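First comes the structure, then the notes that go with it.
The values are calculated or read from the model by the stated rules, or taken from the named source; none is laboratory data. Not measured: the values here are computed from a predicted model. Here the Cβ is made from the backbone with ideal geometry for all residues, glycine too, and neighbour counts use every protein chain on show.
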Amino acid sequence: MFDKAIKMFDRRHWKKGTAALAAILIIISAVLWMNRPSSVVVNSDIYSTTDAMAFFSSLDVTSDVPQVESRNLDGVQWFKAYEQKKAALWFDPQTGQVAVEDKRSGKMWRSNPDSAALAMDQTKGLWRSHLESPIVLSYFNADRTLIKDTNLKEYPTTVKWHSIEEGVALMYVIEELGFQFYVEYRLEDNQLVARIPELGIIETKENLLMELNFLPFMGAAMNGSDGYLLVPDGPGGLIRFNKEGLDLINAYNYPVYGQDWSIPATTPSTRRTPVSYPVFGLNSGEEGYVAVIEEGASRANIVATPAGISTQFNEAHAKFVYRRIYSQPTGQTSSILSYEKKMPYEAVSVRYIFLDQKDADYVGMAQAYRDYLMTHRKVERLDSKLNQSPLQLQFVIGAGESTPLGEKLRVATTFKQVEEIVLSLVDQGVTNIEVGLAGWQNGGDPGNLPKRFPIEGEAGGEQELRNLIAQLGAQGIQISLNDRIDTASISRNNGFSPGDDGIQSIVGTPLIYRNAADETIYLVSPVRNIQKYVPDLIEKWKEIGIKSANLVNMGTQLNSDYHPNRKISRLQSISYSLQITDTVRQALGSVKVSGGFDFLLGHVDHMFDFPLEYNFDLIVDEQVPFYPIAVHGLVPYSSGPANLREDQAVQFLREIEYGAVPRFSLTYEDPRMLKRTSYENFFSSQYDVLEQQILAEYEVLSKTGVRNSFITGHRKLAEGVFETRYENGRKVRVNYNNDPYQGEGFTIEPMFYQVAEEEER
């Protein structure tokens, strides 16, 4: 994680003062978001060393001994910075370490292991000094030949301090390297908030800061007790203490909100479910905390390392990436590695929520995160009058197929056929439905985006769509139009200009990808979307009578834009995403998104393709429903299409266990007609084949009746048998085994589920 010094350049590659970079053996990923980004105006180019110097010069810091209450810890005098009812904040002005005392239990949550624990650790060298530092950093040396890892212990570091409201601020000065860090530590509601403000880092010499590991050993625990690290992998993952087989695995180290595709990767990328929420946690027996990255999440990685890989401690923390490495093309087949030249003008902060003994497990962590979302992010719970979420039916209308003679439209479902299918389900008692339409635009999907109109005539055109809206509206059924507002084609004249409207990567090329039909698709700048495309699109939707939109990719991708006329960071991209969702929601009444990025919570009405499966990394021992527990009752969510499950039985039970709403992607015609389109993976979608499955899963949805209820518990009853408890008293149990499970007063059939009321066992 920290400890590699990598030779990057050879002097022979330097010409006339201009560096041509040669070889780098590191992976630096970027990521994450700042809390309430819509209220922040940031330009990642405006960090000013002059402003930072003025900021540091204005600080009234001192090296004097604090004249406050003190206590002896490990033979060192610590001082009390601030105290609340349940917690007290302490600091050591010599090392810059901090600790939070839980006054209920007496537990000291320290930023670094104490001397007794260190004495039992056999770690040597740089990692040993890492253990004693509240900050571990990677930097690019002055002559640009090495990226090195270091800390505040390895080099002589001056620590100064001053009191601030609710805490203490510490300034760390590594004179030899030319780095200064200003960190504010506060107690808010008995929770620790550690923050580096926008100008809280300065480089006074030629060394460049690359990465900063913030409080990397906060609460770190040795093996022995029953404990685990919580990581935000899919719905949630546990890395258990006392882990074996460490020679086969690396530390967990992944960017929040996935890869920024505007930064060309230096190593081959793999397809992963992106980290959707900036959270990590630690449970050590009967003690634990959950941590939330409040600011800087869009450039953060979540790092978790079990004992035995680098040190003898289990630890989890946030790593903030200040400069990223990327591949810079030098010709059609050649490239060199380069790096971002400027630091961002962004604050970073992490909130540590310390949990009561009874709430120290992953369920308690999830409930604490839910409380955080409601208190600090103002996410409101669902309407308590609605006790069942609507079944989600998505219809594929049409898709384009590339042929030697040009693109051919394949119509899989007409608007009239959608009406026929839905009304047939209504006649069979399926009354709570929401309908989505994909490929409705001219030319089907992907069509000729951003040109969408007129609505595809072969599917029935605008008049049949209006009729459909009216007919289903009379049944109380809402229709949403699926739209990939972030993508465009230049195959025909559609008003889109890659140079003017597309996202530009850091190397100056348009951001593109190839879809399943092998067509080149461009990514549209969110700035241009708001300025040029979205307003007209909304007006047309309103004219037709549409009252909801499904925005595809909104919660699964987050990119910066390096266009010289409108450069935006990932943090700013979040703000534009929220502006788009809020605008659509206000205009139409409802908006749904794919994916589960947490900054969208409170701004959308449903999340589909929600992450309910982890990535099966060897380092993660167990998948848990941390994220579903946190957001159930705040937003309805669906996994991928039920008809496209890889394992029907297991994934069906998983959705029941995790409180997800069934969702189907349907066609009237046989899906084999779509095999040369972007829907080539639709091996089963024909309604006639799926009708009975839809009816059965709707019955399950009706039985659970937990739409607006918070999840209050989740536990493993036996291997392959789980129980989810809700605040309304319902208990949902699932059995993934091939044999019945006999509980106390109940039986669950093999590969089946059970719903019990509060008075039932």
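Summary of computed values
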| read-out | value |
| --- | --- |
| Verdict on Asn482 being crowded, with 17+ Cβ neighbours inside 10 Å, polar (S, T, N, Q) and either touching a Phe, Trp or Tyr at 6+ places or on another chain (Cβ under 7 Å) or more than 21 Å from Leu393 (Cα to Cα) (or both) | no |
| Every pair of residues 6+ apart whose Cβ atoms lie under 7 Å, when the first sits in the stretch 234-255 and is surrounded by 15 or more Cβ atoms within 10 Å (Cβ to Cβ) and β-branched (Val, Ile, Thr) while the second is in a strand (DSSP E or B) and modelled with pLDDT of 95 or more | Ile239/Tyr228; Ile239/Leu229; Ile239/Val231; Ile239/Tyr252; Ile239/Ala304 |
| Which numbered condition Glu184 fails, given (1) of a type in the set (Asp, Glu); (2) closer than 30 Å to Thr50 by Cβ; (3) assigned to a loop (DSSP other than H, G, I, E, B) | (3) |
| Residue list for the stretch 231-247, filter: under 24 Å from the mean Cα position of the chain (by Cα), under 13 Å from Ile619 (Cβ atoms) and not small (Gly, Ala, Ser) | Val231, Asp233, Leu238, Ile239, Arg240 |
| Members of the stretch 190-205 found to be in contact with a Lys or Arg (Cβ under 9 Å, 6 or more places away or on another chain) and either more than 17 Å from Glu295 (Cβ to Cβ) or of a type in the set (Phe, Trp, Tyr) (or both), listed by number | Asn190 |
| Among the residues listed as Leu618, Leu612, Leu634, the single one being in a loop (DSSP other than H, G, I, E, B), modelled with pLDDT of 95 or more, surrounded by fewer than 22 Cβ atoms within 10 Å (Cβ to Cβ) and of a type outside the set (Val, Ile, Thr) | Leu634 |
| Options Ser505, Ser548, Ser480: the member that is among the polar types (S, T, N, Q), under 20 Å from Tyr562 (Cα atoms) and within 33 Å of the chain's Cα centre (by Cα) | Ser505 |
| Unique residue being of a type in the set (Phe, Trp, Tyr) and assigned to a strand (DSSP E or B) when the list is Tyr753, Tyr698 | Tyr753 |
| Strands (runs of 3 or more DSSP E) enclosed by the stretch 254-331 - at least 2 residues per element that are β-branched (Val, Ile, Thr) | 287-295, 300-305 |
| Members of the stretch 128-156 that are buried (at least 19 other Cβ atoms within 10 Å of the Cβ) and of a type in the set (Phe, Trp, Tyr) | Tyr139, Phe140 |
| Residue identified as modelled with pLDDT of 95 or more, over 22 Å from His317 (Cβ atoms), in contact with a strand residue (DSSP E or B) (Cβ under 7 Å, 6 or more places away or on another chain) and charged (D, E, K, R) among Glu69, Glu101 | Glu69 |
| Among (1) crowded, with 18+ Cβ neighbours inside 10 Å; (2) closer than 29 Å to Arg299 by Cβ; (3) at pLDDT 50 or above, the one test that Leu32 misses | (3) |
| Subset tally (residues that are loosely packed, with under 15 Cβ neighbours inside 10 Å, in contact (Cβ under 8 Å) with a residue 60 or more places away in the chain and more than 22 Å from Ala630 (Cβ to Cβ)) for the stretch 331-384 | 1 |
| Restricting the stretch 390-434 to residues that are of a type in the set (D, E, K, R) and at pLDDT below 95, the residue that is surrounded by the fewest Cβ atoms within 10 Å (Cβ to Cβ) | Lys408 |
| Those residues of the stretch 663-679 which are touching a Phe, Trp or Tyr at 6+ places or on another chain (Cβ under 7 Å) and assigned to a loop (DSSP other than H, G, I, E, B), in sequence order | Tyr668 |
| Scope the stretch 712-743; condition touching a residue at least 40 places away in the same chain (Cβ under 8 Å) and aliphatic (A, V, I, L, M); matching residues | Val732, Val734 |
| Conditions (1) in contact with a Phe, Trp or Tyr (Cβ under 7 Å, 6 or more places away or on another chain); (2) part of a strand (DSSP E or B); number of the one not met by Gly234 | (2) |
| Sole residue being among the basic types (Lys, Arg) and either surrounded by 20 or more Cβ atoms within 10 Å (Cβ to Cβ) or touching a Phe, Trp or Tyr at 6+ places or on another chain (Cβ under 7 Å) (or both), chosen from Lys85, Lys80 | Lys80 |
| Condition met for Val534 (touching a residue at least 40 places away in the same chain (Cβ under 8 Å), touching a His at 6+ places or on another chain (Cβ under 9 Å) and more than 26 Å from Leu337 (Cβ to Cβ)) | no |
| Residue count for the stretch 713-761, restricted to those that are among the acidic types (Asp, Glu), over 25 Å from Ala360 (Cβ atoms) and modelled with pLDDT under 95 | 5 |
| Index of the failed condition, Gln122 passing every other in (1) surrounded by fewer than 16 Cβ atoms within 10 Å (Cβ to Cβ); (2) of a type in the set (S, T, N, Q); (3) closer than 20 Å to Val350 by Cβ | (3) |
| Of the criteria (1) in a loop (DSSP other than H, G, I, E, B); (2) of a type in the set (A, V, I, L, M); (3) closer than 15 Å to Glu166 by Cα, which one Val100 fails | (1) |
| Cβ-Cβ under 6 Å pairs, at least 6 apart or on other chains, the stretch 676-691 side at pLDDT below 95, far side part of a loop (DSSP other than H, G, I, E, B) | Thr677/Ala517; Ser678/Asn515; Ser678/Ala516; Ser678/Ala517; Glu680/Ala516 |
| First in the stretch 450-464 and at negative phi and crowded, with 22+ Cβ neighbours inside 10 Å, second anywhere and part of a loop (DSSP other than H, G, I, E, B) and of a type in the set (Phe, Trp, Tyr), Cβ under 8 Å, 6 or more apart | Pro450/Phe496; Ile455/Trp440; Glu456/Trp440; Ala459/Trp440 |
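Residues checked against (1) at pLDDT 95 or above; (2) assigned to a strand (DSSP E or B); (3) of a type in the set (Gly, Ala, Ser):
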{"site": "Ser133", "(1), (2), (3)": "yes, no, yes"}
{"site": "Ile147", "(1), (2), (3)": "no, yes, no"}
{"site": "Val159", "(1), (2), (3)": "yes, yes, no"}
{"site": "Ser163", "(1), (2), (3)": "yes, yes, yes"}
{"site": "Ile202", "(1), (2), (3)": "yes, yes, no"}
